[in-house]
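Below: the structure, in structure tokens.
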Amino acid sequence: MGMPPEDEAQLDARLKEIDSKIAELQSERRRLVETRARSRKPVTAGPPAVQQPEQPQLSEKAIQRQLNMLEWSEFKKKEGEWAFLRTRDGQLVEDLKPIAAFIDKLRKGSRLTVGPYEYVASEDRFLNRYPRATN
């Protein structure tokens, strides 16, 4: 014998809320760990060390193609769309892995224009896009 549907719906809603809070806390923890790591780096003279090899520069068309593969949902109250940046387990969405360098720029707070849209990362969980302002 199961639960009444309204109890199950409440449980589902509560679980969703908790998942969201866990993701926020994981994101905040990651930021704090990165901040701590940066503050501990020894100061060295000379040019900064290259941390990882640069990914080959992708063309705007290639980036646009990857972004268009995502499942975009429209915002209810404003113009624009959103898609998930990460999977439930915190990994970068598969379609975004080929353009990880582009996504890193967004995650650092950049607002980048590709094709007809401006892209911005939100809460390190979502990718938002807005129609480009035409002057």
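The values are calculated or read from the model by the stated rules, or taken from the named source; none is laboratory data. Just so we're clear, the structure is a prediction, and the values are computed from it rather than from any experiment. Using ideal geometry, Cβ is built from the backbone for each residue, glycine included, and neighbour counts are taken over all protein chains shown.
Taking Leu106 as the residue in question, decide whether it is in a helix (DSSP H, G or I) and under 10 Å from the mean Cα position of the chain (by Cα). Spelling it out, Leu106 is indeed in a helix (DSSP H, G or I) and under 10 Å from the mean Cα position of the chain (by Cα). Hey, does the stretch 114-121 have a residue that's more than 24 Å from Asp19 (Cα to Cα), hydrophobic (A, V, I, L, M, F, W, C), assigned to a loop (DSSP other than H, G, I, E, B) and out of contact with any Lys or Arg (no Cβ under 7 Å at 6 or more places or on another chain)? Within the stretch 114-121, none of the residues are more than 24 Å from Asp19 (Cα to Cα), hydrophobic (A, V, I, L, M, F, W, C), assigned to a loop (DSSP other than H, G, I, E, B) and out of contact with any Lys or Arg (no Cβ under 7 Å at 6 or more places or on another chain).
Taken over the stretch 62-103, residues that are free of Cβ contacts under 8 Å to residues at least 24 places away in the same chain and over 29 Å from Leu25 (Cβ atoms) amount to 2. Of all residues in the stretch 81-91, those satisfying the criterion of being at pLDDT below 95 and either outside any loop (DSSP other than H, G, I, E, B) or among the small types (Gly, Ala, Ser) (or both) are Arg86, Gly90. The set of residues from the stretch 55-89 being small (Gly, Ala, Ser) and in contact with an Asp or Glu (Cβ under 8 Å, 6 or more places away or on another chain) comprises Ser73, Gly80, Ala83.
Cβ-Cβ distances below 6 Å connect the following pairs, each with a first residue in the stretch 27-50 that is outside the structural domain of Arg88 (by TED's automatic domain parsing) and assigned to a helix (DSSP H, G or I), a second residue that is surrounded by 10 or more Cβ atoms within 10 Å (Cβ to Cβ) and modelled with pLDDT of 60 or more, and a separation of six or more residues or different chains: Ser27/Asp124.
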